[in-house]
Structure formats: structure tokens, C-alpha cells
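Enquirer: Let me give you the structure first, and then I'll get to my questions.
The values are calculated or read from the model by the stated rules, or taken from the named source; none is laboratory data. This one's a predicted model, so the numbers in the text were calculated from it and none came from an experiment. Every residue, glycine among them, receives a Cβ derived from its backbone with ideal geometry; neighbour counts consider all protein chains shown. Surface areas here come from the heavy atoms of the whole protein model, side chains and all, with no ligands, DNA or RNA. Shrake-Rupley method; radii C 1.70, N 1.55, O 1.52, S 1.80 Å.
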Amino acid sequence: MNLNTIRSVANAILYEGYMLYPYRPSALKNRSQGWTFGTLLPEAYSASHPGEPSNFSAQVVVVGEQAQFSAEFRFLELCGSESFERTVASALLEVSSLLSYPLEIHFAFDRDGIPDFLKGAVRIAAERVTDSAVKLAISFDNQSSPAISWNTRDHVLQQALVSAHAVISVAGGEFISLLSPPEDYAAAVSKCRQSGVFPVLAGDEGDRTAMLISPIILYDYPQIASNSHGDFFDGSEIDEMLTLRVLTLTDAEKEEVRANNERARALLERTESLSPEEILNLHGVLRDLSRTQE
């Protein structure tokens with residue numbers, strides 16, 4: 001399992017939409033929180049606001065009688081213009097044990113002396129689908145109660161699980177691709193249901209021991225483009241376009257970007273340091289997205 005590859009993609013998802021070009025707080029689209037994928041709002045708010053989800057759920061197929069399973073759920077907690085990375089992890093579990101005893105993990109994070117400012121739950125259950133395969137049902141819920149005023153959506157976002165996703169792995173077994181399953185498991189995969197996310201195989205191509213449960217639709221074995229020099233955050237925009245736009249900011253605008261936060265400052269400094277050759281290499285790069293797994 002190539003954790004470096006998986007982490008790089010997972011971190012890109014975590015911060016996608018975190019801040020938007022032109023990366024200045026005074027810009028209209030940055031006066032509130034940047035738009036993100038995978039935002040889970042509190043259940044109480046979601047219940048009265050259709051289209052505002054409070055949870056995601058995913059189903060995947062695992063093969064291996066003695067397989068052991070672990071999961072790591074990740075999200076951002078927003079605090080003004082800053083954010084905190086949060087992780088909720090399970091212990092290594094026997095997949096077979098989940099057939100009889102579903103796992104529930106309740107979590108909570110305090111803020112500024114307010115207990116359980118953010119809280120939620122993870123649930124993982126299993127059912128046998130063939131003699132050798134088990135279907136795992138995984139859910140992640142925001143169960144936060146109002147700890148501050150919810151007069152606006154920006155207030156509610158302070159208690160949201162932002163860019164929520166998960167990395168799951170198995171030892172002594174393997175996951176089945178949902179995009180190109182072997183014929184023996186095609187029927188089981190066809191019955192898997194997803195809500196708000198889609199699981200794809202992750203890591204080195206051909207390795208089936210890890211999956212990324214992503215709020216962005218990806219192909220199996222997603223990777224960061226080799227010609228990318230770092231995150232641009234802006235809702236899956238194109239690196240070349242954003243590089244050229246950042247370089248056109250005025251000196252006053254750049255000073256505001258530098259004063260925004262550490263990530264904005266690093267983005268600006270990285271972009272200004274690119275050579276003409278490095279900028280040129282961002283143009284016209286084609287990648288084969290038609291890869292299939294055996």
C-alpha cells in the first residue's frame with residue numbers, strides 16, 4: 001500500500017475549495033467560507049434544509065476470509081478564516097466480526113471551552129454476499145447540536161464536517177473495484193449503494209488493499225498530476241489558468257493574499273517562484289483516463 005500516493009490525493013480533496021481565486025478575503029466570493037465538496041451539516045439543520053446533507057454512506061465489497069479492516073475518516077473544522085484537520089480512526093478489525101457486531105464510533109471535539117462543539121458518529125456493518133465476499137456498509141454522520149447561533153449558513157458551517165472523506169484499508173484480503181469488477185463479483189458490486197461519496201481503489205495501480213471514499217467522483221488509482229507544483233484549492237480549476245491569473249494580481253492584492261493565512265501566502269510565493277519553463281510545462285498535458293484494472 002502506497003500511503004504517500006493515497007495521502008497526497010486525500011489531502012487535495014481535504015482542501016479543495018478551501019479558498020478561492022483571487023485568494024483575497026475582500027473578494028466577493030471569499031467574504032464567506034470557500035465552497036467545498038463533501039460538507040456535512042448538523043442533522044438538526046439538515047432536517048429543515050433539503051439538499052444540505054448531514055451524512056454520507058458507502059458500500060464496498062471485500063474478499064478474504066481472514067481479512068482485517070481499518071478506516072480513517074477525515075474532515076476540516078472551520079474556525080473563522082482558519083481550519084483544523086480532524087481525524088476519526090477505527091482500530092484494526094476482523095471483517096468477519098462485523099457480520100455479527102457492527103462497529104459504532106462516537107466522536108466529539110471541543111472548542112473555546114464549549115464541550116462537544118462538533119460531534120458525530122461512524123457506523124460500519126457487514127453482510128455476506130458470496131462464499132468469499134462481504135459487503136461493508138459505512139456511514140459518517142454529523143450529530144452536532146447548536147452550540148452557537150445558527151442565524152446564517154456561515155454560522156452553521158462552524159459546526160460542519162467540511163470536505164469529509166475516508167480512507168479504508170484491508171490486510172489479508174482485497175477490495176473489489178466498483179468501476180471494473182471481475183465477473184464473479186459484478187452482481188455483488190451492482191447492489192452497492194452510495195450517497196454523497198464514491199469509493200475508488202487507491203495507491204499504486206494493481207494494489208487492491210486501499211480505497212478512497214471521496215466526495216468527488218474519481219477513477220480508480222487517482223494521482224496528483226506530475227506537473228502540478230501544489231494546491232490551488234479553487235474548486236477543481238486548472239493549474240495553468242490559476243497560475244497565470246495569480247501572476248496578474250497587483251502588488252496591493254498580493255499583499256492582501258500574504259496577510260490572509262499561511263496557505264494563501266505559500267501559494268503565492270510558490271507561484272511567483274515558478275520559472276517560465278515550469279509554467280510552460282503546465283500547458284497541453286494529456287493523461288490517459290481510460291485505464292482499466294484486470
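Enquirer: Which condition does Asp220 not pass, out of (1) at pLDDT 65 or above; (2) acidic (Asp, Glu); (3) surrounded by fewer than 18 Cβ atoms within 10 Å (Cβ to Cβ); (4) assigned to a loop (DSSP other than H, G, I, E, B), if it passes all the others?
Expert: (3)
Enquirer: Could you look through the range 226-242, keep only residues that are buried (at least 19 other Cβ atoms within 10 Å of the Cβ) and at pLDDT 60 or above, and pick out the one that is farthest from Leu14 (Cα to Cα)?
Expert: Going through the qualifying residues, I end up with Leu242.
Enquirer: Does any residue in the range 37-64 that is under 19 Å from Val200 (Cβ atoms) come within less than 7 Å, Cβ to Cβ, of a residue that is open to solvent by 50 Å² or more (accessible area, probe 1.4 Å) and basic (Lys, Arg) six or more places away or on a different chain, and which pairs are these?
Expert: Note: pairs meeting the criteria are Gln59/Arg193.
Enquirer: Continuing with the same structure: In the range 57-69, which residue that is in a strand (DSSP E or B) and open to solvent by less than 30 Å² (accessible area, probe 1.4 Å) is farthest from Ala137 (Cα to Cα)?
Expert: Val63
Enquirer: Return the residues of the range 171-193 that are of a type in the set (S, T, N, Q) and under 21 Å from Ala67 (Cβ atoms); say none if nothing qualifies.
Expert: Result: Ser177, Ser180.
Enquirer: Looking only at the range 107-128, decide whether some residue is over 24 Å from Thr36 (Cα atoms), of a type in the set (A, V, I, L, M), outside any strand (DSSP E or B) and at pLDDT 95 or above.
Expert: No - not one qualifying residue is present in the range 107-128.
Enquirer: Among the residues of the range 145-172, which ones are in a loop (DSSP other than H, G, I, E, B) and open to solvent by 20 Å² or more (accessible area, probe 1.4 Å)?
Expert: Once the filter is applied, which keeps residues that are in a loop (DSSP other than H, G, I, E, B) and open to solvent by 20 Å² or more (accessible area, probe 1.4 Å), the range 145-172 yields Ser145, Pro146, Ala147, Ile148, Ser149, Trp150, Asn151, Thr152, Gln158, Gly172.
Yes or no, residue by residue, for (1) touching a residue at least 40 places away in the same chain (Cβ under 8 Å); (2) within 24 Å of Leu3 (Cα to Cα); (3) open to solvent by less than 20 Å² (accessible area, probe 1.4 Å); (4) among the polar types (S, T, N, Q):
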| residue | (1), (2), (3), (4) |
| --- | --- |
| Glu82 | yes, no, no, no |
| Val95 | yes, yes, yes, no |
| Ser100 | no, no, no, yes |
| His106 | no, no, no, no |
| Phe109 | no, no, no, no |
| Leu118 | yes, no, yes, no |
| Thr130 | yes, no, no, yes |
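Enquirer: Got a sec? Which of Ser97, Ser81 is out of contact with any helix residue (DSSP H, G or I) (no Cβ under 9 Å at 6 or more places or on another chain) and either modelled with pLDDT of 95 or more or not basic (Lys, Arg) (or both)? Working first, answer last.
Expert: On the way: Ser81 fails: out of contact with any helix residue (DSSP H, G or I) (no Cβ under 9 Å at 6 or more places or on another chain).
It is Ser97.
Enquirer: Would you pick out the residues in the range 271-288 that are outside any helix (DSSP H, G or I) and either open to solvent by 80 Å² or more (accessible area, probe 1.4 Å) or at pLDDT below 65 (or both)?
Expert: Ser273, Asn281, His283, Gly284, Val285, Leu286, Arg287, Asp288
Enquirer: Working only within the range 177-216, note down all residues that are in a strand (DSSP E or B) and touching a residue at least 24 places away in the same chain (Cβ under 8 Å).
Expert: Scanning the range 177-216 gives Ser195, Phe198, Pro199, Leu201, Ala210, Met211, Leu212, Ile213, Ser214.
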